[in-house]
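Presented below is the structure to which this report refers.
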Amino acid sequence: MEHRPLGRSGLRVSALSLGAMTFGTSRGFMKGVTSTDREARAILDRALEAGIDTIDTANVYSEGRSEECLGRWLEGRRDRVVLATKCRFPTEPAAAGETRAPDVGLSRRAILRACEESLKRLRTDHVDLYQVHMQDRSVPIEETLRALDDLVRSGKVRYVGCSNYTGYRLVESLWAADRRDLGAFVSLQLQWSLLVRDAERELIPACRTFGLGVLVWSPLARGFLSGRYHRGKAPPEGSRLASWTETWRHVDTDRGWAILEKIREVAKRRGTTPAAVAIAWLLRRPETSSVILGARDVGQLEANLAALEVRLTEEDARALEEASRPAWGYPYDFIGAREAW
Ligand SMILES: NC(=O)c1ccc[n+]([C@@H]2O[C@H](COP(=O)([O-])OP(=O)(O)OC[C@H]3O[C@@H](n4cnc5c(N)ncnc54)[C@H](OP(=O)(O)O)[C@@H]3O)[C@@H](O)[C@H]2O)c1
């Protein structure tokens, strides 16, 4: 397994990492589409054996049960793993009429408490990469950065990163860290796939310019690009997109099927699967530090590991990019007509 530096930090991550969002029985947004604990352990064992040593979870996945499941597996293996988790959202949805404002978001109080709870569930005394799950404009950036910096100084966290930021807020955070001499985000975790390329407008160029590592989430657009879905047919029973009807409506479009068709064409030419092509396209992008695989069973993990064997040509990449080019909009079109942005 290739390892890549996480931005300008000294941390190296495996080019493929494993996402733990499918672990733990969920009562929330992953209800009905997670793995059993036994399957999760098998996935984790196989991933580590294949050289995937970077694992991404969040306090909110399966309301804390993803971290608990991972924590049990980590015992005796902690030193072999680059462990990433996140804070920002509540682990349990608030009951009707209940206010939980002090313990969610990116305030100092919420971050320090979330970190303690994650460490307990993960059965470890430190997290390698602690990420804020989404920006929080209601809290001053300096407060968030100072709390994260304190976690680094106390040894509970090795590096800090962020996820789901707008371009301006990301750069504002980098400036604030520089101005106050606080630890800066070393990475951005973002949604990126041949279906969802919006991050290429601002976020990918920002990461390239300011030296942040890029961790890619939903590389298969929640499974749509795996090839298991077919035009004109309902999503297979039990699949994620059978239960995420709103997401299905977004992908079940002429554009979605045209992109998938092109991926299938390239996969046929390379003698591989659509999933492997979709992941290989992300792996060949120079900005990608690691592609976070989602797998609900060992079979899916094996299928996705095949991406490591795929060598896309310039012609393949061009064909995929042309078929999946989004409407960039203003000012990208204006600038793009004259020079590269
Ligand atoms: N920072 C964030 O806000 C954020 C958001 C989302 C995810 N993430 C991270 O990114 C990781 C990956 O995200 P994701 O799970 O959405 O990734 P994804 O690769 O887009 O989707 C994974 C899902 O697609 C299906 N699938 C995967 N491989 C397949 C294959 N070879 N054949 C058929 N179906 C296949 C499975 O769903 P079914 O079998 O259930 O259909 C699987 O659970 C997460 O675990 C998490 O760590 C982060």
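The values are calculated or read from the model by the stated rules, or taken from the named source; none is laboratory data. What you see is a predicted model, and the numbers here were worked out from it, not measured in a lab. All Cβ positions, glycine included, derive from the backbone under ideal geometry; neighbour counts span all protein chains shown.
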Condition set buried (at least 16 other Cβ atoms within 10 Å of the Cβ) and part of a loop (DSSP other than H, G, I, E, B), scope region 238-274, selection farthest from the ligand (Cβ to nearest atom): answer is ASP252
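The rows are residues; the columns are (1) within 15 Å of the ligand (Cβ to nearest atom); (2) assigned to a loop (DSSP other than H, G, I, E, B); (3) of a type in the set (A, V, I, L, M, F, W, C).
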{"position": "ILE52", "(1), (2), (3)": "yes, yes, yes"}
{"position": "ALA58", "(1), (2), (3)": "yes, yes, yes"}
{"position": "SER62", "(1), (2), (3)": "yes, no, no"}
{"position": "ARG65", "(1), (2), (3)": "yes, no, no"}
{"position": "GLU68", "(1), (2), (3)": "no, no, no"}
{"position": "ARG72", "(1), (2), (3)": "no, no, no"}
{"position": "GLY76", "(1), (2), (3)": "no, yes, no"}
{"position": "THR85", "(1), (2), (3)": "yes, no, no"}
{"position": "PRO93", "(1), (2), (3)": "no, yes, no"}
Hey, among the residues in region 192-237 that are free of Cβ contacts under 8 Å to residues at least 12 places away in the same chain and within 9 Å of the ligand (Cβ to nearest atom), which one's farthest from GLY167 (Cα to Cα)? PRO236
Candidate set from region 176-205 (those that are assigned to a loop (DSSP other than H, G, I, E, B) and touching a Pro at 6+ places or on another chain (Cβ under 8 Å)); member that is surrounded by the most Cβ atoms within 10 Å (Cβ to Cβ): TRP192
Would you check if VAL33 is within 12 Å of the ligand (Cβ to nearest atom), modelled with pLDDT under 90 and out of contact with any strand residue (DSSP E or B) (no Cβ under 7 Å at 6 or more places or on another chain)? yes
Report, by residue number, each residue of region 279-308 that is over 19 Å from VAL216 (Cβ atoms) and either within 9 Å of the ligand (Cβ to nearest atom) or more than 21 Å from the chain's Cα centre (by Cα) (or both). ASP297, GLY299, GLU302
ALA47: crowded, with 22+ Cβ neighbours inside 10 Å and over 25 Å from PRO93 (Cα atoms), yes or no? yes
I'd like the residue in region 1-30 that is more than 18 Å from the chain's Cα centre (by Cα) and among the charged types (D, E, K, R) and, out of all such residues, is nearest to the ligand (Cβ to nearest atom). ARG27
Looking at region 293-321, I want the residues that are assigned to a helix (DSSP H, G or I) and have a partner that is within 8 Å of the ligand (Cβ to nearest atom) and hydroxyl-bearing (Ser, Thr, Tyr) with Cβ atoms under 8 Å, at least 6 apart or on another chain. Which pairs are those? GLN300/SER226; ALA303/SER226; ALA303/THR273; ALA306/THR273
Against the definition (surrounded by fewer than 20 Cβ atoms within 10 Å (Cβ to Cβ), modelled with pLDDT under 95 and more than 8 Å from the ligand (Cβ to nearest atom)), how does THR313 come out, yes or no? no
